[in-house]
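Bear in mind that the values in this text are calculations on the coordinates, not laboratory data. These figures come from a predicted structure and were not determined experimentally. Here the Cβ is made from the backbone with ideal geometry for all residues, glycine too, and neighbour counts use every protein chain on show.
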Amino acid sequence: MTTYSATYSPDDNKLRLYASQRLDAETYARVEALGFKWAPKQELFVKPSWSPAAEDLLIELCGEIGDEDTSLVDRAEQRAERFEDYSEKRMADAERARKAVAEIADNIPFGRPILVGHHSEKHARRDKEKIDAGMRKAVQMWRTSQYWTGRAAGALAHAKYKELPEVRARRIKTIEAEKRKVERSKANAEKQIKAWQIVAGINDAEKQRAVGLTVANAGGYWSMSFPLADYPRDPPASQYEGPMGLWSAIDGNVITAAQAAAIAIPGYERAIPHQDRWIEHFENRLAYERAMLDEAGASGLLAPKPRRELPPLLNYRAPGGEITTTNMYDRGRTTTYPQVDMTKAEYARINKDYKGARWSADKSHRFRTAMVKHSLVAVYLTDSKDHGQPQSPAEFVRENVATPDADLDAALSLVSEIMGEPQETAEPAATLAPVAPAPRPVLVDALDSLPATADLPAASPTADFEAMRAMLKGGGVQVVVAPQLFPTSPELAAEVAELADIRPGHRILEPSAGTGALIEAARVHGAGSLDIVAIEINHQVAQTLGRSQQGVTIINADFMDMAGAVDKFDRIIMNPPFERGADIQHIEHARKFLKPGGRLVAICANGPRQRDKLMPIASEWRDLPAGSFKHAGTSVNTALLVIEGPPG
């Protein structure tokens, strides 16, 4: 057997229904029809606002309605906890998606394209699709998490806002206005009952019809249908059976005035108890809200506000017989009112809707107006006191306010006292030379002013998700295809830098820069400042390299066409293209740029031609493990060689 309990909370004016088990279909339909909503997390039905019908249903099901135990803030905190839980779950989903993206693109900073050779293009494009899909999921989960975090904060803020004394005072005034509206409806219903009772008591049919039409016209709109089966009538009476008002029904001889009274009186009598319940409900709410406001010591907020003071209403003859003032509907224009003479008795006989007052142009006073022969005019009362023509503000100042003597020294002294600074006596004005604009600080000054790395805040996950969102807006990860580009792995790049024995102050050349892996390794291995020149044949790759490698000289050119175009170098580190023995040509060409005592460390294909041409001139030759470039889409065998420069 299902057991029910119900509560009402004056904090939010909501009814709540608790059921021990699932409602049967009939009860559920009744509950839903009255506006109750199921709250799954709270396991209850909630009615967003009180109503007599909802209260009757709860009393029928539960026997009584109790007070809600939890306050508005308590419920908001519970709601915020649920929202925070949603937020944490979505943030965990976002973090998992972000890590999945990072596993694919661990060495690709946000904003940098995937640079691939033609052998690995298909693999790179599959990676791009996976990365983009992962970023979209991560950003969506992160945004959802942010949404629920905002909802949690909003729930608490809203509950606290509703308990502010100023907000409670405004709520009281709103409830009072709603109560007055229902009281007016009740008073009107009582008047209508009396009026229709008079109609019902008239015995003369014609007189009853005339009075019935008058009452129906004054009683507002009452709509119902009059089917022929229930209200038979013969032509010429209206045969229309759809909705119509009582006045139309009487006027069309659909019903008699006595029938209209028999319909209206019970209808209004049924409405009055319903309105009484609303009035009682409003009174209970007002008692609660006023008590809470009084407890907060803010009852003074309910005190009526003082009425705005109006300028005096003056009676005077206008010069020229007309008054010009600002147009109250268009402030950029003026309106001129011709003035007419009237007695007080004549002015009093004008309907209140056709007379009033207007403000003067300078807002210093008001003057009377009235509608005369369909025109609005200014009125002068001939038998009332004449106040005389009012002075304009300029005249008042000129006559009543003395002009002070100018004393610049005294003014400056007063300013100095206020500002707390010494002020010299004013000197005669001199022609000022133009002031040169202050020089803008150079980039170095700006960088020097930044805090040390240890003082900077730690990177937040939000920055990662924002970077992902910005990247997706730009089209996601970009794939730049560069033939014969086989990026060097970080481990192999570090081995190259170690063999090169890079030292502070060295001038370094990377003739086939690609993704910049060897440059990064050189910077890590070589302590202190380095002068690095990188040459890259592919324009897009060179542009990307320029953005990622600050402080490196990037040259977009074919290294093989640069004989004598660059100076000599202490160290040359390179991973040249392998196709058709190009690595042999690049390495032999690079030797020309070595300084005496310099060193060249290169990666090359480990084939018969390379062994025949390069091994004899190498001071060291290392066979690299098979699959060293599998990550770049090729399984070619490779070797690492060291060539020393001419003796110093």
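From the C-alpha coordinates alone, can you work out the Kirkwood hydrodynamic radius of the stretch 482-644, in Å? Taking every pair of different Cα atoms in the stretch 482-644, averaging 1/r and inverting gives 15.6 Å.
Modelled label positions at D67 and Q550, each set 7 Å beyond Cα in the direction of Cβ, lie 6.5 nm from each other. When you count the other C-beta atoms within 10 angstrom of each residue and take the mean per peptide, 378-384, 176-182, 193-199, 506-512 line up highest first as 506-512, 193-199, 378-384, 176-182. In the distance distribution for the stretch 4-69, Cα-Cα pairs more than 16 Å apart total 37 percent.
When each of W50, W621 is scored by the number of other beta-carbon atoms lying within 10 Å, the sequence from fewest to most is W621, W50. Cross-linked pairs K89/K128; K363/K385; K207/K373; K37/K89: Cα-Cα separations exceed 31 Å for K207/K373. Quote the FRET efficiency, to the nearest 0.05, computed for A29 versus K194 with a Förster distance R0 of 35 Å and r equal to the Cβ-Cβ distance. Using R0 = 35 Å, I get an efficiency of 0.30. Modelled label positions at H589 and D561, each set 7 Å beyond Cα in the direction of Cβ, lie 1.0 nm from each other. The modelled label-to-label distance for the pair V372/R171, using points 7 Å beyond Cα in the direction of Cβ, is 5.5 nm. Kirkwood-type hydrodynamic radius, the stretch 496-589: 13.4 Å, calculated from all non-identical alpha-carbon pairs. Counting other Cβ atoms within 10 Å, keep those with at most 15, restrict to DSSP loop, and tell me which trypsin sites (Lys or Arg not before Pro) in the stretch 539-623 are left. Within the stretch 539-623, the qualifying trypsin sites (Lys or Arg not before Pro) (loop, at most 15 other Cβ atoms within 10 Å) are K568. Summary of packing: across the peptides 325-337, 5-17, 78-90, the per-residue average of other C-beta atoms within 10 Å ranks them, highest first, as 5-17, 78-90, 325-337.
Looking at the stretch 287-341, the GluC sites (Glu not before Pro) that sit in a DSSP loop and have at most 14 other Cβ atoms within 10 Å of their own Cβ are E309. If R0 is 60 Å, the Cβ-Cβ spacing of Q42 and W621 corresponds to a FRET efficiency of close to 0.20.
Exposure proxy for L57, L518, L44, L310: other Cβ atoms within 10 Å of each Cβ, ordered fewest to most, give L310, L44, L57, L518.
Here the stretch 319-389 is treated as a sphere whose radius is the Kirkwood value from Cα pairs; by Stokes-Einstein at 10 °C and 1.306 mPa s it diffuses with a coefficient of 124 µm²/s.
Taking the number of Cβ atoms within 10 Å of each Cβ as an exposure proxy, the fewest-first ranking of M1, M562 is M1, M562. Note on A361 and L302: with the Förster distance fixed at 35 Å, the Cβ-Cβ geometry gives a FRET efficiency of about 0.35.
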